[in-house]
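The values are calculated or read from the model by the stated rules, or taken from the named source; none is laboratory data. Since we're looking at a predicted model, the values are computed, not measured. Cβ placement follows ideal geometry from the backbone for every residue including glycine, while neighbour counts extend to all protein chains displayed. We work out accessible area using only protein heavy atoms, side chains counted, and drop any ligands, DNA or RNA first. Shrake-Rupley method; radii C 1.70, N 1.55, O 1.52, S 1.80 Å.
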Number of protein chains: 2
Amino acid sequence: MIKTFDELIAQARKGEKITVAIAAAADEAALAAISEAHKLGLADAILFGPSRKIAAMYKELTGEKEPPFAIREVEEDGAAAKAAVAAVRSGEAQILLKGKIKTAALLKAVLDIDFGLRSNHLLSDVFICEVPGLPDNKLVMITDGGVTLKPDLKQKIEIIENAIAVAHALGNEKPRIAVLSAVETVNPALPATIDAAVLTKMNHRGQIRNCIIDGPLALDNAISADAAKIKGIESPVAGRADILLCPDIESANMLAKSTTYFAHLRLGHVIMGSTAPVLIPSRADSADCKLLSIALGKLVCCRKI
Amino acid sequence: MIKTFDELIAQARKGEKITVAIAAAADEAALAAISEAHKLGLADAILFGPSRKIAAMYKELTGEKEPPFAIREVEEDGAAAKAAVAAVRSGEAQILLKGKIKTAALLKAVLDIDFGLRSNHLLSDVFICEVPGLPDNKLVMITDGGVTLKPDLKQKIEIIENAIAVAHALGNEKPRIAVLSAVETVNPALPATIDAAVLTKMNHRGQIRNCIIDGPLALDNAISADAAKIKGIESPVAGRADILLCPDIESANMLAKSTTYFAHLRLGHVIMGSTAPVLIPSRADSADCKLLSIALGKLVCCRKI
């Protein structure tokens, strides 16, 4: 089981390189990340976008004469997204990475009924950070801070399944899932605590498998065994959650961003639920984050194969 | 203007001691905090609860023969809460601190129409943490992670006013308030972004005064000037928010707890909106947090006087 980001990178370097299709690749951060991933023997790429601009940017960034990747000339962003999606769909590439294009435009191509990467699953963002202070597994996932605004119970189950798939790719065969709220007791006025109780019972009854779910839990007792003990919470998840399922996009997004902007933790994230992993790094994400996301995407692909 | 917790403690040590009424004072953490506050010349106390138990616990904790505070014998928790509230109401004490009693039981006494500490304001929790990496003011407030589950627009205004009162107590006469959501653009499907736009305009029109409000902002662009710049956000608040107004209790509670459990930041918090500051530390809060909360409560009182 992979318990740190260094182990994640080490594992992702094993085996054949994977191919990343970069949509609108004239983007410094995406090129820097794929260059690093290539040097580490992690990935190859196909770059979709304005070829001259991409080549010049790559040279400027790396000092290399030309990128060691195929470049496919596509002028317009929407067309670049479609072409990159088509490359993943055909199996030419295994991961889709957003370049200098709006997320909405890329997702439009991903979600296209005829030519996209739709499966019968809900898409969701699985965010993963490394928390140095944790006793055992230091990788904690937060979901869904990126796609569904206010998931209902059925959507939460799909969000959980997407996160479990990432946990499995990390070799964590039975991840512990904390269903978060502001409190650890069921309160009919807080719908997230109702969903938490229901999801826990569905897990008990075998309706959600390959994981251990408990909730409602507040963040303190999900993460800290001491806090759980002080509050007298008996739970197989409290104090050692691998996956934090948040009530909605706002709480998930803030919690994920707080690990960067308050705690300065390393992070990666991947959109799951499509037929191939989709990486939609934020413009404000670091190159390290983009590299970790590529490594994460590769492990998810390898697990599938 | 007070910009760090060390400055907060230094300022709170000035002037006369304030008196803290502790409800159900047979509580180690509360006694440890008030003992430290007393040593620092910050506060005196009146301890309400089972007097023998309190005295024995105090001796055990501090090694001192007996507490330098008045103890009022009250056996039952609810009665201790009522007596402590009455002491604050009469002016004998200026701050109410929760001891070994459930928050709901203490708030019942606080909210009693005839004998409580009600004002015509909504109660809300103002959480404050010190973020060492910030360029100027390192004290960031998060609200409301403790009282109102899903505040509407009017309640958000009261929550803002309560936070402004704390900012003023810290000498920050025109705090910058970020109205948070998962995104920084208005999205009709995300009510928090609608409220954010409305609150910003109300501030422009002078309907909410003594502050600078902007939103919607996501956490990254509220806190980090770099993130705001990368996303091209022009805002008088982005990158330097003093107060983070969250959409609801879940997002606020998780964000506040993440500063402790992921980022290990120091914190204090105070419930505002009543006629006197009410301190309701969590059982899992540290003694340092309780001391900072007492210091914070004192500055809020001093500002009032």
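Can you pull out the GluC sites (Glu not before Pro) in the range A:164-257 whose DSSP state is coil and whose Cβ has at most 13 other Cβ atoms within 10 Å?
Taking the range A:164-257 and a limit of 13 other Cβ atoms within 10 Å, the loop GluC sites (Glu not before Pro) found are A:Glu173, A:Glu234.
Rounded, prolate or oblate, given the Cα gyration tensor of the range A:203-273, with a/c below 1.5 counting as rounded?
The shape class here is oblate.
Hey, which lysines would be in cross-link range of B:Lys82, C-alpha to C-alpha under 16 Å, not counting anything within fewer than 8 residues on its own chain?
In chain and number order, the partners are B:Lys98, B:Lys100, B:Lys102, B:Lys108.
Would you jot down the residues in the range A:133-161 that end up with at least 40 Å² less accessible area in the complete protein assembly than in the chain alone, with a 1.4 Å probe?
A:Leu149
In nanometres, what is the gap between the two model label sites at A:His264 and B:Arg205, each 7 Å from Cα along Cα-to-Cβ?
4.3
Roughly what % antiparallel, to the nearest 5, for the DSSP beta bridges in chain A?
Just about 30 percent of them are antiparallel.
Under the classification rounded if a/c is under 1.5, otherwise prolate if a/b is larger than b/c and oblate if not, where does the range B:49-149 fall, given a ≥ b ≥ c as square roots of the Cα gyration tensor eigenvalues?
The shape class here is oblate.
With each run of n ≥ 4 DSSP H residues scored as -39500 (n - 2.57), what mean residue ellipticity at 222 nm is computed for the protein assembly as shown after dividing by its residue count and rounding to the nearest 500 deg cm²/dmol?
-13000 deg cm²/dmol
Could you identify which residue out of A:Leu199, A:Leu107, A:Leu190 has the top mean-square fluctuation in a GNM of chain A using Cα springs shorter than 10 Å?
A:Leu190
Checking buried surface per residue: for the range B:189-223, which residues lose a minimum of 30 Å² accessible area in the protein assembly relative to the chain alone (1.4 Å probe)?
Those are B:Leu190, B:Leu219, B:Asp220, B:Ile223, which lose 30 Å² or more relative to the chain on its own.
Taking chain B as a Gaussian network, Cα atoms linked when under 10 Å apart, which of B:Ala284, B:Ala23, B:Ala228 shows the biggest mean-square fluctuation?
Comparing B:Ala284, B:Ala23, B:Ala228 in the GNM, the peak value goes to B:Ala284.
Residues of the range B:164-184 with accessible area at least 30 Å² lower in the all-protein-chain context than alone (1.4 Å probe)?
Flagged in the range B:164-184: B:Ala182.
Using a 1.4 angstrom probe and counting only protein chains, how large is the accessible area of B:Ile71 in Å², to 10?
60
Past the 28 angstrom mark, what percentage of all C-alpha to C-alpha distances in chain A do you count?
The share of Cα pairs beyond 28 Å in chain A comes to 37 percent.
How big a patch of accessible area, both sides summed and in Å² to the nearest 100, lies buried between B and A at a 1.4 Å probe?
The B and A chains share an interface burying roughly 3400 Å².
Could you derive backbone 3J(HN,Hα) for the range B:133-149 from the dihedral phi with the Karplus parameters 6.51, -1.76 and 1.60 (θ = phi - 60°), listing whole Hz in sequence and x where the residue is Gly or Pro?
Each residue's phi maps through the Karplus curve to give x, 6, x, 10, 5, 9, 8, 10, 9, 10, 8, 10, x, x, 10, 7, 5 Hz.
Express the accessible area of chain B per residue in Å², computed with a 1.4 Å probe while the remaining protein chains stay in the model.
In whole numbers, chain B has 41 Å² accessible per residue.
Using the Kyte-Doolittle scale, find the helices of chain A whose mean hydropathy is at least -1.0 and whose Cα atoms extend 30 Å or more along the helix's long axis, counting only whole DSSP H runs.
Span-like helices in chain A: none at all.
Amide H to amide H, which residues 5 or more places from A:Ala43 or on other chains are under 5 Å from it, using H placed in the peptide plane?
A:Ile18, A:His38
For B:Lys3, which aspartates and glutamates qualify as cross-link partners when the Cα separation must be under 18 Å and same-chain residues fewer than eight apart are set aside?
Within the straight-line cut-off, B:Lys3 pairs with B:Glu130, B:Asp136, B:Glu173, B:Asp242, B:Asp288.
Would you mind calculating the relative contact order of chain A from Cα pairs under 8 angstrom and at least 6 residues apart, reporting the percent as a whole number?
That works out to 21 percent.
Keeping to pairs on different chains or 8 or more places apart, tell me how many lysine pairs in the range A:158-305 have Cα atoms under 24 Å apart.
Lysine pair count for the range A:158-305: 10.
Taking trypsin sites (Lys or Arg not before Pro) that fall in a DSSP loop and have at most 14 other Cβ atoms within 10 Å as cut points, what is the longest piece of chain B between them?
B:103-204
Once you've got the GNM for chain A with C-alpha springs shorter than 10 Å, pick whichever of A:Phe262, A:Phe127, A:Phe69 has the biggest mean-square fluctuation.
Between A:Phe262, A:Phe127, A:Phe69, it is A:Phe262 that shows the largest mean-square fluctuation.
With a/c under 1.5 counting as rounded, go ahead and sort the protein assembly as shown into rounded, prolate or oblate using the C-alpha gyration tensor (a ≥ b ≥ c being the square roots of the eigenvalues; past the cut-off, prolate if a/b is larger than b/c, else oblate).
Judged from the Cα gyration tensor, the protein assembly as shown comes out prolate (a/c at least 1.5, a/b above b/c).
Please give every one of the aspartates and glutamates within straight-line cross-link reach of B:Lys156, meaning a C-alpha to C-alpha distance under 14 Å, and leave out same-chain neighbours fewer than 8 residues apart.
B:Asp125, B:Asp144, B:Asp195, B:Asp214, B:Asp248
Ignoring ligands, DNA and RNA, what percent of the accessible area of the protein assembly as shown is carbon or sulfur (1.4 Å)?
Whole-percent figure for carbon plus sulfur exposure: 52.
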